[in-house]
């Protein structure tokens, strides 16, 4: 299953007020493994960035002067996400901006026609009702190191969200049980989380011997009719 963790940075909060996307960051996963086939692009928005937005992501108008416009990269972006499941934190925000960009460059298509969308904010609110569910709060809850996140950034936030999503949905990260390693990497005494290499060999499957199967069957017999294993 191909999944793409996606985030954007923008000039402001509302595309209906003329705000535009200035950064797209995407991280690809196949079968819950990071592939390193990422998509990352800064974009020239043809308008000024709000001062409040610059305080959040640190991207300046001057930095974007030599960057392409969305229309210059739209076909590459469409082909990259086509048919995937997009994993986005607060998806309506990013999807609204992306659909607006499609409209502005005369692309008669929407995100919903290209891919399915999973909103991790909705997931988090269901899993942790009544609690803070920002990306920073989820990193703390799932013990994911985000100390390098001093400013928002689309690619960085996508990489962090990939770890959060895997934690929320059952793992595919490795916990180091070495307390020293954990202390160095996490800045505390907790276990560090490391991404597993996409090139690692498949896990070895060990089947039980006949003797082990017989012993297992005898154990189930002793449990009697209440044994749920056989139901």
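Fewest neighbouring Cβ atoms within 10 Å first, the residues 86, 13, 44, 6 line up as 13, 44, 86, 6. Subtracting the Cα-Cα distance of residue 79 and residue 217 from their residue separation scaled by 0.36 nm leaves 44.4 nm. Once the convex hull of all Cα atoms in the stretch 7-80 is built, its volume per residue stands at 115 Å³. Extension gain, residue 35 to residue 107: 0.36 nm times the residue separation minus the Cα-Cα distance gives 23.1 nm. Shape class for the stretch 31-166: oblate, because the ratio a/c of the largest to smallest gyration tensor axis (alpha-carbon atoms, square roots of eigenvalues) is 1.5 or more and b/c is at least a/b. Distance from the Cα centroid of the stretch 86-149 to that of the stretch 1-43 is 9 Å (rounded to whole angstrom). The label point for residue 67 and the one for residue 140, both projected 7 Å from the Cα toward the Cβ, are 2.9 nm apart. For the stretch 2-195, relative contact order (Cα pairs under 8 Å, six or more residues apart, normalised by length) works out to 22 percent. Net length available on complete extension from residue 122 to residue 48 is 23.5 nm, with 0.36 nm assigned per residue and the Cα-Cα distance removed.
Bear in mind these aren't lab numbers, they're just calculated from the coordinates by the rules spelled out. Just so it is clear, the model here is predicted, and its values are computed rather than measured. Positions of Cβ are backbone-derived with ideal geometry, glycine not excepted, and every protein chain shown enters the neighbour counts.
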